Amino acid sequence: MADFAPDSITFASGHYIGGTVVAEGERIAVARPSDLVDYAELPVASVEVVDRAVTNATQAVAESGWATRPPRDRARAMRRWADLIEERAEELGRLEALGSTRPIAQAVTGDVASVAEGIRFFSEWADKLGGDVAATRSDQLGMIVSEPYGVVGAITPWNFPLSMASWKVGPALAAGNAIVLKPSELTPFSTVRLAELAVAAGIPAGIFNVVQGTGAVTGDALSRHASIAKLSFTGSTRTGVAVMKAAAESGIKPVTLELGGKSPQLVFADADLEKAASCIAGSLLANAGQACVAGSRLIVQRPVMAELVDRLKAKLSTVTPGPTWKAATGFAPIISEIQARRIDRILAESHRQGAECLLGGGRIEGHNGAFYQPTLLAGVTAETAAVREEVFGPVLTIQAFDGEAEGFALADHPEYGLAAGVYTADLGRALRAMRALKAGTVWINRYSRTLDFILPTGGYKSSGIGKDLGRQAVEANLRHKTVLIDIGG
Ligand code: NDP
């Protein structure tokens, strides 16, 4: 992987509607997280532009036969799209790295590779979920027929723009829907390139549309559009509430919500501490903690706390921050100065509440972008701001426990339940933890996803409703019609 010059990258800076780039709307500046330089302007899609995109998508579904063609044709087009994404991995990765927090080396070999494989995974479901024949009286035939919704809407966050788009578009298209997607205004451009490649691969124009703009204007218009039959959102719990409300007020649309987390890492004294430290540090450093599943609360059995903290300090002390266009950069910038100030605020409040920094605690100086030191915070309680709130930065709080029940109780967060990590050599304890933890994903003696897209992801409590990935994500893009026929006899 080579460095690249940020000014050498070209891209379409508009909406993508019906296979055409449309640059209509009031313009806002977009900054590069690596150096906070404004590098492009983004048109904000008004209610009218969103309406045009949805109308176009509705026509495209009707006229292109995307929903009615043999499902394996859809699968074939999606596989060609995945191949094209792989062929253009360097180009897509550079665009992703330019505008987001993803360092180029990770964007190409991690994000883009995973997007291609994810699209392939979803393509394979095109002809696998057909419905059911029900057990009815013998003079009747009862069927449960699955159908696509028509046009679905999606709203994605800034932390993994391409991956998050693929998690929404893949299942929607495999099920036979068209989609209108709004990326974050902070990271808007790579999603349009992804949509252009879909059309280049033979997916009909108008099946994958992108509307650009702010959440308050464009996101709200999309959530409220009467012809959007289903919505999928990833972002903060606060915005998830607004999206769910808008969906309820505009025709009772089903919503899939992948929201915030405050995930615990529960380490028992019998655990392989070196492995646990690697997993915990890896989770904290990944995208500098700007991940919904970041394992940001360490809950460790008292006898091994000091040793684990020493190992973590060693692993977290050497990071390689830098611009995302440098191949040597391994540690991501914070998405914006606003987000960095949010981390400052949570840390300051935590200190006032008695928290003490064992490592880090402030900005990494000497860069134009906002970079944050990996931070270990002890002396915290369940009330401390950094334990309560989703920080979205490389901040790990540390709490000690004695008995198993106390560990499980500390791991339970009053609001969030996205993921949890458990580290122990005792199989029975691991399985008890799996049952006790109220989280959508429980990782045992590891802490990260793999390319096993068959495993769904989604939260308990205020961390969300429904699942991304897995068979469940495709099912969420289908609705079911009950048919009962009198057949006589
Ligand atoms: P938001 O939840 O505000 O943004 C997520 C997406 O929703 C963006 O595309 C945003 O658009 C859009 N949006 C915002 N307001 C509305 C609205 N009223 N109706 C419809 N769509 C809307 O997250 P932020 O970017 O503000 O990040 C804030 C915090 O959210 C983070 O600090 C973190 O705690 C959490 N977060 C969680 C993520 C996760 O993966 N679970 C991902 C990102 C953030 P736009 O960006 O253009 O305003």
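What tally of residues in the range 221-236 results from selecting those that are near the ligand (Cβ under 10 Å from one of its atoms), touching a Ser or Thr at 6+ places or on another chain (Cβ under 8 Å) and of a type in the set (A, V, I, L, M, F, W, C)?
Within the range 221-236, residues that are near the ligand (Cβ under 10 Å from one of its atoms), touching a Ser or Thr at 6+ places or on another chain (Cβ under 8 Å) and of a type in the set (A, V, I, L, M, F, W, C) number 3.
Taking the range 208-236 as the search range and keeping residues that are assigned to a loop (DSSP other than H, G, I, E, B) and of a type in the set (Val, Ile, Thr), which one is farthest from Lys168 (Cα to Cα)?
Thr214
Within the range 462-482, is there a residue that is in a helix (DSSP H, G or I), polar (S, T, N, Q) and surrounded by 15 or more Cβ atoms within 10 Å (Cβ to Cβ)?
Yes: one or more hits.
Got a number for residues in the range 434-453 being surrounded by 14 or more Cβ atoms within 10 Å (Cβ to Cβ) and farther than 21 Å from Ala281 by Cα?
Looking only at that region, the number is 6.
Please name all residue pairs, on different chains or six or more residues apart, with Cβ atoms under 9 Å, provided the first residue is in the range 267-295 and is in contact (Cβ under 8 Å) with a residue 24 or more places away in the chain and the second residue is among the acidic types (Asp, Glu) and not in a helix (DSSP H, G or I).
Correct list of pairs: Phe268/Asp426; Asp270/Asp426; Cys292/Glu258; Cys292/Glu390; Ala294/Glu390.
Could you list, in sequence order, all residues of the range 80-108 that are touching a strand residue (DSSP E or B) at 6+ places or on another chain (Cβ under 9 Å) and either of a type in the set (Gly, Ala, Ser) or on the phi > 0 side of the Ramachandran plot (or both)?
Scanning the range 80-108 gives a single hit, Gly99.
Go through the range 298-335 and report how many residues are in contact (Cβ under 8 Å) with a residue 40 or more places away in the chain and crowded, with 17+ Cβ neighbours inside 10 Å.
Qualifying residue count for the region: 22.
Check off (1) surrounded by fewer than 24 Cβ atoms within 10 Å (Cβ to Cβ); (2) touching a residue at least 60 places away in the same chain (Cβ under 8 Å); (3) farther than 24 Å from Pro456 by Cα; (4) in contact with a helix residue (DSSP H, G or I) (Cβ under 9 Å, 6 or more places away or on another chain) for Thr384 and give me the number that stays unchecked.
Against the list (1) surrounded by fewer than 24 Cβ atoms within 10 Å (Cβ to Cβ); (2) touching a residue at least 60 places away in the same chain (Cβ under 8 Å); (3) farther than 24 Å from Pro456 by Cα; (4) in contact with a helix residue (DSSP H, G or I) (Cβ under 9 Å, 6 or more places away or on another chain), Thr384 comes up short only on (2).
For residues that are over 23 Å from Trp158 (Cα atoms) and out of contact with any Phe, Trp or Tyr (no Cβ under 7 Å at 6 or more places or on another chain), scanning just the range 226-239, find the one that is surrounded by the fewest Cβ atoms within 10 Å (Cβ to Cβ).
The extreme case among them is Ala226.
Does Arg432 qualify as being more than 14 Å from the ligand (Cβ to nearest atom), in the same structural domain as Arg120 (by TED's automatic domain parsing) and not in a strand (DSSP E or B)?
No.
Within the range 194-207, is there a residue that is near the ligand (Cβ under 10 Å from one of its atoms), modelled with pLDDT of 95 or more and not aromatic (Phe, Trp, Tyr)?
No, that holds for no residue.
So in the range 237-253, with the set limited to residues that are within 18 Å of the chain's Cα centre (by Cα) and under 22 Å from Pro171 (Cβ atoms), which one is nearest to the ligand (Cβ to nearest atom)?
Among those that are within 18 Å of the chain's Cα centre (by Cα) and under 22 Å from Pro171 (Cβ atoms), it is Thr239.
Just one of Ile338, Ile343 is over 21 Å from Ala277 (Cβ atoms), surrounded by 17 or more Cβ atoms within 10 Å (Cβ to Cβ) and within 16 Å of the ligand (Cβ to nearest atom); which is it?
Within the list Ile338, Ile343, the selection yields Ile343.
Please work out if Thr218 is within 11 Å of the ligand (Cβ to nearest atom), of a type in the set (Ser, Thr, Tyr), crowded, with 20+ Cβ neighbours inside 10 Å and at pLDDT 95 or above.
The answer is yes for Thr218.
Looking at Asp127, is it out of contact with any helix residue (DSSP H, G or I) (no Cβ under 6 Å at 6 or more places or on another chain) and of a type outside the set (Lys, Arg)?
No; evaluated as a whole, the condition is false for this residue.
If you check Pro171 against the conditions, is it closer than 25 Å to Ser123 by Cα, assigned by TED's automatic domain parsing to the domain that holds His15, in contact with a helix residue (DSSP H, G or I) (Cβ under 6 Å, 6 or more places away or on another chain) and within 10 Å of the ligand (Cβ to nearest atom)?
no
In the range 110-125, how many residues are crowded, with 23+ Cβ neighbours inside 10 Å and in a loop (DSSP other than H, G, I, E, B)?
Going through the range 110-125 one residue at a time, the tally reaches 1.
The rows are residues; the columns are (1) over 18 Å from Gly289 (Cα atoms); (2) assigned to a strand (DSSP E or B); (3) of a type in the set (S, T, N, Q).
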site	(1), (2), (3)
Gly366	yes, no, no
Thr381	yes, no, yes
Val387	no, no, no
Gly407	yes, no, no
Ala425	yes, no, no
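State which residue is surrounded by the most Cβ atoms within 10 Å (Cβ to Cβ) when the search covers only the range 240-297 and only residues that are farther than 28 Å from Ala382 by Cβ and among the aliphatic types (A, V, I, L, M).
Ranking the qualifying residues of the range 240-297, first place goes to Val243.
Any residue in the range 234-262 that is without any contact (Cβ under 8 Å) to a residue 12 or more places away in the chain sitting within a Cβ distance under 7 Å of a residue that is within 7 Å of the ligand (Cβ to nearest atom) and charged (D, E, K, R)? List the pairs, counting only those 6 or more apart or interchain.
Between residues of the range 234-262 that are without any contact (Cβ under 8 Å) to a residue 12 or more places away in the chain and residues that are within 7 Å of the ligand (Cβ to nearest atom) and charged (D, E, K, R), there is no close pair.
The values are calculated or read from the model by the stated rules, or taken from the named source; none is laboratory data. Quick caveat: nothing in here was measured; it's all calculated off a predicted structure. When we count neighbours, we look across all protein chains shown, and the Cβ atoms used for this are built from the backbone with ideal geometry, even at glycine.
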